[in-house]
Amino acid sequence: MRIKLLLAYDGGYFHGFQKQTKTKDTVVGHIESALHALHIHTAIVGSGRTDAGVHATGQVIHIDLPDFWNDLVKLRLELNKKLHHISIKHISQVDDTFHARFSARKRVYRYIIKQTPPSIFEANYAAHFPKFDPLLLRQALCSFQGEHDFVFFHKSGSQMHSTKRRIFRTYSRQKGDYTILYFEANGFLRGQVRMMVAAVMECATGALTLPMLREQIEGIKRHTTHSAPACGLYLAHIYY
């Protein structure tokens, strides 16, 4: 039986989502250990990777359960007992053709910014940008909408068939002292969202002009290679 698991995690406790050979402190590594304790030995397939320090409120994985596990309510309870800083929010049975990564139609990330210094309780969950122009921020965000070749907006060393991605929607919301940026796309390259956030904020603070940003988006010239802090980034939702 193939099942879909919706999960949230605090990325500050992990060296990224994907399993690694040099450390067990990854999201997949911890979930795999919890599954093994329940005698479930199966591949874990995620909707996408998140880097170290990046959080998730709507990450999706799929696994194939052995026949002796058919109580999904009990499975969720048992997994959550064994997991720390990871929460299995929901488990559901899906068709055997479902694929957490390839069946996804849209991915949504959000980035939380605080203008006043974050408290010690917020420091790992919001990035600090004290002064910026909200109008320039919105204009910079809109520049990313549409299909572009993001050759200048991804980390080197990652393998992909194409660097083209379609950004369906970008926008921001203000909630008190917090500014929340949203990015909705058919997919993202490794490190892309944090590089887009950094570029947007450089425009909003005057360090980068909108024409320079558009040159980089269009693959004409690279003007910035900065990445925004990981602590403000959340994988929010996967649409199927």
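Observations on the model:
- GNM remark for the chain: springs join alpha carbons under 10 Å apart, and the peak mean-square fluctuation among THR205, THR225, THR23 falls on THR23.
- R0 of 25 Å, Cβ-Cβ distance GLU218-ASP133: FRET efficiency to nearest 0.05: 0.65
- Based on alpha-carbon atoms, the Kirkwood radius and the radius of gyration of the range 106-239 give Rg/Rh equal to 0.94.
- Flagged links, alpha-carbon separation over 22 Å, of LYS81/LYS106; LYS24/LYS164; LYS106/LYS131; LYS155/LYS221; LYS22/LYS155: LYS81/LYS106; LYS24/LYS164; LYS106/LYS131
- Between helix 192-204 and the chain: long-axis angle, C-alpha atoms, 0 to 90°, nearest 10: 30 degrees
- Cα radius of gyration and Dmax for the chain (Å): 18.8, 60
- Net lengthening on full extension, THR57/ASP25 (0.36 nm per residue, minus Cα-Cα): 9.6 nm
- Coarse-grained scattering of the range 1-121 at q = 0.16, 0.17 Å⁻¹, given as base-10 log I(q)/I(0) from a Debye sum over alpha-carbon atoms: -0.78, -0.87
- Sorting the segments 12-22, 73-83 by their mean number of nearby beta carbons within 10 angstrom, highest to lowest, gives 12-22, 73-83.
- Residues with amide H under 5 Å from that of LYS89, placed H, sequence gap 5 or more: LEU6, LEU7, ALA8
- The magnitude of the dipole of the chain, with charges of +1 and -1 set on the Cβ of Lys/Arg and Asp/Glu and taken from the Cα centre, is near 240 debye.
- Think of the chain as having a plus end and a minus end, set by charges on the Cβ of Lys, Arg, Asp and Glu; of HIS84, SER47, ALA37, SER47 sits farthest toward the positive end of this dipole.
- Mean Cβ neighbour count within 10 Å, used as a protection proxy, ranking 207-216, 114-123 highest first: 207-216, 114-123
Quick note: the coordinates plus some simple rules give every number you see, no bench work behind them. All figures in this text were calculated on a predicted structure; none of them were measured in a lab. Cβ: placed from backbone, ideal geometry, glycine included. Neighbour counts: every protein chain shown.
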